[in-house]
Structure formats: C-alpha cells, structure tokens
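Report on one structure; see the data block that follows.
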Amino acid sequence: MQLEVIVLAAGQGTRMKSRTPKVLHTVGGKPMLTRVLEAVSALSPTRTHVVVGENGNDVQSIFESFDVNWVSQEEQLGTGHAVLQALPSLEKEAQALVVYGDCPLVQPSTLKRCVAEGQDGVGLITAVVPDPVGLGRIIRDASGRVEAIVEQADISLEQCGIDEINSGILSTSAKLLGTYLPQLSDNNAQGEIYLTDLIAEAVSDDVSVKAVRVNDFREILGVNDRVQLAQVERIHQQWQAEALMKKGVTIADPMRFDCRGSVTTGLDCAMDINVLLEGEIVLGDNVRIGSNCILRNVRIASNTIVKENTVIEDATIGRDCSIGPFARIRPGTTLDDKVGIGNFVEIKNSQLASGVKAAHLAYLGDAEIGADTNIGAGAITCNYDGKNKHRTIIGDNVFIGSNSSLIAPLTIESGAAVAAGSSITRNVSTDALVIERADQRNVKGGGTRFRRR
Ligand code: UD1
Ligand code: CA
C-alpha cells in the first residue's frame with residue numbers, strides 16, 4: 001500500500017493572536033509542526049504533503065531538512081478546502097492520512113491505527129474528553145455507528161452534551177477524497193469548507209466509517225490559543241518527566257521540570273525542582289542537579305553535583321565535580337574530574353584540569369588551568385584588552401591569591417604562587433612566588449587624625 005500523508009498547517013491561527021504561523025509555536029522547544037512531522041515519519045509514508053498558507057515561506061525555511069511536498073493554500077477556506085489543495089499531488093491509488101499541524105502530541109501508534117481502519121472506507125480517530133466545547137462532535141446512530149461530525153458552531157442543543165470529539169486524524173483513499181471533497185459546501189455557521197462534512201457524505205453512500213477512540217485523549221489535543229499551548233506543553237513535560245523517572249531518574253516534582261531537548265542519563269540521577277534542560281544533555285550515573293539550574297547542551301560524568309541556581313551552557317564536565325551554587329559555566333568550557341567551582345564563579349571557553357578549585361567570586365575566561373591549581377576568591381583573568389581576547393595558561397599546583405588580576409596573554413608555570421591582590425602582567429616561571437602590590441605603611445596615631453579631619 002502506498003501511504004501519502006497530508007498535514008494541514010496553513011494560517012496564523014487567529015486565536016493565537018500572533019505574527020508567527022500557529023504551527024511554528026513550540027512545544028518542548030520544537031515547533032508543533034516538527035513534532036507532527038516526526039510522528040508521521042515513523043509510518044514511512046511514500047510522500048508527505050504539507051499545506052501552508054500566506055506565510056508558507058516562513059514555515060518552509062524552518063523545515064528544509066524534512067523531505068516534504070509543500071502545497072499552497074492561498075486563502076484559508078477551511079480544512080476540507082486545504083485537503084483539496086493537496087489532492088492533485090497524490091497518486092490515484094494512494095491511501096491518504098490527514099493530520100492537523102496543531103496536534104503536536106500525536107503518537108505514531110495512533111496514526112498507524114487510523115491508517116489500518118481506513119483501508120476500505122474511512123478511518124477516524126476520536127476521543128472522549130472532559131471538555132468537548134469548541135470541538136467537532138461525533139454523531140452516532142442508535143446502534144453506535146458514526147453518522148456525521150458536527151462542528152461546535154453548527155451544533156444543536158441536544159448535541160452539546162456529546163463528549164466524543166473528532167481528533168482531526170482521518171485516513172481514506174485518495175479516490176474517496178476525490179469523490180467527496182469537491183462536493184462539500186461552505187453552507188455552515190463559519191462559512192468554511194469542513195473536511196468533517198465528508199463523513200456524512202460517505203455514510204450516506206454506505207461507505208464504511210470506522211471511528212476508533214484513542215486511549216489517552218491528551219495525545220490528540222489541538223492547540224488553538226496560547227492557553228491550550230501551555231496545557232499541551234505541560235502534558236508533554238509531564239510525559240518526559242515520567243519517561244525519565246522510569247529510566248531511574250528521581251525528579252522532585254514533575255510539574256516543575258522542563259526539558260526542551262533530549263536527555264540521556266545513567267542510573268540514580270536526581271533533579272530538584274525547577275530544573276530546565278535544553279538541547280542535548282548527557283548525564284552519567286548519580287549526577288545530582290539542584291533546584292533552579294539551567295543546563296543547555298551539557299555532558300556531565302558520574303557523581304558530579306550541580307548545586308542550586310547554576311547555569312551551564314555548551315560545556316563538558318567530568319566526574320566527582322561540585323559546581324555551584326550560583327555558578328555560571330559558559331560555552332567552550334571543559335572541566336576534568338574532581339573540579340570544585342563555587343558561588344559566583346564564571347568560566348568561559350576554558351579548560352580546567354582535574355582537582356582545580358575556584359571556590360568563590362572568580363572569572364576565568366580563555367584560560368587553561370593545570371591540575372590541582374587553586375584560584376582564590378575574586379581572582380580574574382583579564383582576557384580582553386578592549387580589542388582582542390587573549391589566553392591565560394596556568395600550570396599544575398599553582399596558587400592564585402585572592403583578588404589577583406591575571407592580565408592576558410600570560411603564562412604562569414607549575415608550582416608558582418601569586419600573592420593576593422597582585423596584578424600580573426609578565427609570565428611567571430616554575431615554583432616562583434610573585435608579590436606585585438604596593439608596600440603597606442602603618443602610620444602611628446593616624447587613626448585619631450583621620451577621625452578628627
Ligand atoms: C478541527 C476540526 C474539529 C476537530 C478539531 C480537533 C474541522 C472543520 N474541524 O477544528 O472537528 O474537533 O480540529 O482539534 O476540521 N487549516 C488549514 N487550512 C484551513 C483551515 C485550517 O491548513 O483553511 C489547518 C490549521 O493550520 C490547523 C488545522 O488545519 O492546523 C485545523 O484547523 P483549525 O482551524 O484549528 O480547526 P479546529 O477549529 O480546531
Ligand atoms: Ca485546531
């Protein structure tokens with residue numbers, strides 16, 4: 001069987017009140033349309049057609065990596081009209097699957113079920129929902145057979161109580177679409193050509209319409225406004241949290257966990273409340289992330305602890321490290337094993353060898369720091385001269401006293417010690433002690449004179 005998918009993605013979605021096309025609004029950091037296309041691709045269709053509207057170019061430019069046929073629908077005259085625009089691109093003998101681009105949580109298994117039900121007639125995915133208001137209702141006859149779908153705007157008082165709704169996921173042959181779509185009219189409350197009217201037409205011709213209910217209605221929720229966008233986002237996040245917990249991660253509160261990317265973890269990792277993960281995150285065993293941490297494209301090896309309010313971006317961190325609280329690790333940073341980074345320490349584009357400690361208030365930028373070196377409180381690399389960035393190279397076992405300014409380019413060799421408060425402008429050789437500060441003067445009785453002045 002040749003399967004061709006039609007994804008409806010035209011229009012801004014008036015209820016979104018946005019300049020961005022609706023299907024580009026994100027769930028879990030990905031455009032809704034990406035999620036739908038990913039679910040669709042699991043069925044390996046021979047072709048996927050995406051119907052886009054006046055902002056089609058904005059949409060297409062984001063999906064260059066997807067192999068899809070873009071179909072233009074100049075004016076949004078309804079879902080039936082949208083499918084009609086794709087119809088000429090379909091093979092005559094193909095089976096079609098229609099999916100709406102604003103339904104980002106749909107699972108491949110549900111799409112497959114729909115295709116199976118639509119083999120010799122029409123397959124339709126429905127759901128029983130707690131709040132059907134705004135959705136198309138499934139009308140069944142006394143024997144339970146589907147008769148029609150009625151949209152909210154056209155509903156009668158008795159039909160209001162029906163809680164089985166249309167998901168928008170439908171499968172049938174290209175042939176049947178070709179028979180019924182051109183017959184549909186816009187003679188309804190919204191003046192639109194509804195794809196859903198196809199059901200009543202097919203039923204009146206004795207075409208078999210098989211409606212199957214989805215197991216979990218949350219999967220087929222559509223997004224029409226930003227309230228629904230937030231609801232769908234939370235469901236997605238909850239599912240991700242549950243998947244991680246099932247893999248052995250402790251999540252303090254799944255309602256306060258967000259992942260906008262992918263996470264791979266070992267066993268016994270733990271995340272406290274309000275952790276945000278973005279991009280690609282890889283954690284070893286027993287990595288603990290404190291509350292309010294943000295991690296973006298980060299690899300962390302086993303037994304490392306990231307304490308609360310720490311932000312780490314594009315960095316690789318070894319095992320048995322302790323980072324934070326309130327640390328900021330910026331792109332291009334590599335920390336080897338057993339590194340200790342404390343509060344208000346910022347590190348950018350730097351490599352710290354194992355055992356390095358920077359416990360408080362430091363800035364390390366464009367630096368290479370050898371094993372077991374200690375960076376005192378308030379020490380900074382002056383990596384920028386107002387025009388260019390320069391590197392600071394520090395050897396093993398170096399002691400950098402508090403409040404030192406290391407003016408790059410600079411090399412401090414292994415075993416050296418820099419006295420607190422020094423401004424270092426010239427290279428320091430192995431095992432040297434550098435004191436670069438004015439001599440202290442103690443003036444007898446100066447305290448009294450100071451207060452009298
Ligand atoms: C639609 C269904 C409704 C169903 C609900 C499920 C129809 C008439 N109604 O209603 O039965 O319960 O979805 O969420 O189908 N689109 C186009 N071109 C158009 C109109 C829409 O491409 O001319 C696309 C939109 O981008 C959207 C999708 O089709 O992704 C659905 O359209 P929308 O207006 O959101 O339909 P609903 O009112 O939600
Ligand atoms: Ca919708």
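Overview of results
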| quantity | calculated |
| --- | --- |
| Antiparallel bridges, percent of DSSP beta bridges restricted to the chain (to nearest 5) | 15 percent |
| Reach of LYS22 by Cα under 20 Å, taken over lysines that are not fewer than 8 positions away in the same chain | LYS30 |
| DSSP-defined beta bridges in the range 331-399 - what % are antiparallel, rounded to 5 | 5 percent |
| Whole-angstrom gap from the range 318-381 to the range 191-225, using each part's C-alpha centre | 57 Å |
| Hydrodynamic radius of the range 3-220 per Kirkwood, over alpha carbon pairs, in Å | 17.3 Å |
| Kirkwood Rh in Å, taken over the chain so that all alpha-carbon pairs contribute | 26.0 Å |
| The chain, dipole about Cα centre (Lys/Arg Cβ +1, Asp/Glu Cβ -1), debye to the nearest 20 | 2980 debye |
| Kirkwood Rh and Cα Rg combined as Rg/Rh, the range 251-390 | 0.98 |
| Listed residues LEU229, VAL212, LEU244: farthest to the positive end of the dipole of the range 201-249 (Cβ charges) | LEU244 |
| Order of LEU170, LEU267, LEU229 under a 10 Å beta carbon neighbour criterion, fewest first | LEU267, LEU229, LEU170 |
| Net charge over other residues, Cβ less than 10 angstrom from the Cβ of PRO132 (K, R count +1; D, E count -1) | -2 |
| Trypsin sites (Lys or Arg not before Pro) restricted to the range 348-403 and DSSP loop, no more than 11 other C-beta within 10 Å | LYS387 |
| Fewest-first ranking of THR79, THR264, using other Cβ atoms within 10 Å as the exposure measure | THR264, THR79 |
| Net length gained if the chain between ALA438 and SER204 were fully extended (0.36 nm per residue, minus Cα distance) | 74.5 nm |
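Read the figures in this text as sums done on the coordinates, not as results from a lab. This is a predicted model, so every value here is computed, not measured. Reconstructed Cβ throughout: ideal geometry from the backbone, glycine too, with neighbour counts over all protein chains shown.
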